[in-house]
Structures are given as structure tokens and as C-alpha cells.
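Structure record follows, encoded as C-alpha cells.
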Amino acid sequence: MHPPPKSQLNVITKRKMIGLIIMAITIAMILASFNKQQNIPLSGKLGLKKLMEQGVIRRANQDDMDNYYNFLNRCLKQKNARHALDENTYVILRKINYPLGLLGGNSAIFILGHGIQKPLGDPGHSEILDMNISCY
């Protein structure tokens, strides 16, 4: 028996590659459909954007930061170091699930106001400025 000619091997290899590409695209389409059906939250900055569109979080402003630190100073009866307000600071308005992947550059600072339930899930590297702490 002789091995198949080189040109025939190239055809077989190309067919296998095309088959693998089609299989990868099919798997990606199935996973995308599954994610939509399961209502799996978007991750990172896209997840934060979606929460803003849903009206459950909003970007914080300087008044929000001042209110938090005034509360904390009254509560602890001492001055505390302040975070700089930046574009990754949000106020949680209603109960939410943290988006997945809030790690590194995708992390955020969340201000959790009085009476707002703590979010479910993993905040990752994000920081929570919680105004529901007990002041005794």
C-alpha cells in the first residue's frame, strides 16, 4: 500500500479544517442562544452598561461621594480618606446582581445607599461604599 498523494492529503486537511471551523461556529451560536435563554448577565463594563440602561444603577456624582463620606465621618466620628470620583463609580438604586468579571480594569466603586439591599453575586475587585453599616 502506498500513502495517498500529497495533493489528496491537502484536500483532506482542508476539509477537516473547514469541518472544525463549522463546528466552532455552531458551538458559539448554541452558547449565545443558551446565554440569552438563561438570562445570564453580561460581564464587566457591558454588564454595568446594561444595569445603567435598566435604571438600577447610575453614575455617581460629587454629591453622592460627599454624602457617603459625611455619613461615614458622622458614623465613625473621624475623618476618612476619600476616594476620587471617577467614571467607574456608581450608585446602586435597587437590588441587583453584580455583573460577572468585575476584575482589574473592569472593577468599579459602588455606593450602596440607605435601605438598598446588598447586591447578589461576586463584586470581584470592586469596592462597596455601604451606607447601611451600623453606627453604635
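Note on the stretch 121-136: residues that are in a loop (DSSP other than H, G, I, E, B), in contact with a strand residue (DSSP E or B) (Cβ under 8 Å, 6 or more places away or on another chain) and open to solvent by 70 Å² or more (accessible area, probe 1.4 Å) total 1. Starting from residues that are in a helix (DSSP H, G or I), within 13 Å of residue 110 (Cα to Cα) and free of Cβ contacts under 8 Å to residues at least 60 places away in the same chain, keep the ones in the stretch 46-64 and report whichever is most open to solvent (accessible area, probe 1.4 Å). If we take residues in the stretch 46-64 being in a helix (DSSP H, G or I), within 13 Å of residue 110 (Cα to Cα) and free of Cβ contacts under 8 Å to residues at least 60 places away in the same chain, then 52 is most open to solvent (accessible area, probe 1.4 Å). Selection of the stretch 85-136 for residues being closer than 18 Å to residue 67 by Cα, at pLDDT 90 or above and β-branched (Val, Ile, Thr) yields 89, 91, 92, 109, 111, 116, 128.
Hey, does the stretch 92-103 have a residue that's in a loop (DSSP other than H, G, I, E, B) and more than 17 Å from residue 123 (Cβ to Cβ)? Taking every residue of the stretch 92-103 in turn, none turns out to be in a loop (DSSP other than H, G, I, E, B) and more than 17 Å from residue 123 (Cβ to Cβ). The residues of the stretch 78-116 that are of a type in the set (S, T, N, Q), open to solvent by 20 Å² or more (accessible area, probe 1.4 Å) and under 19 Å from residue 47 (Cα atoms), listed by number, are 88, 97, 106, 107. Considering only residues of the stretch 31-45 that are at pLDDT 75 or above and assigned to a helix (DSSP H, G or I), which is most open to solvent (accessible area, probe 1.4 Å)? By that ranking, first place goes to 45. Just one of the listed residues (113, 121) is touching a residue at least 12 places away in the same chain (Cβ under 8 Å) and within 14 Å of the chain's Cα centre (by Cα), namely 121.
The values are calculated or read from the model by the stated rules, or taken from the named source; none is laboratory data. Quick caveat: nothing in here was measured; it's all calculated off a predicted structure. Counting neighbours? That spans all protein chains shown, and the Cβs are built from the backbone with ideal geometry, glycine included. Note: areas computed on protein heavy atoms with side chains; ligands, DNA, RNA excluded. Shrake-Rupley method; radii C 1.70, N 1.55, O 1.52, S 1.80 Å.
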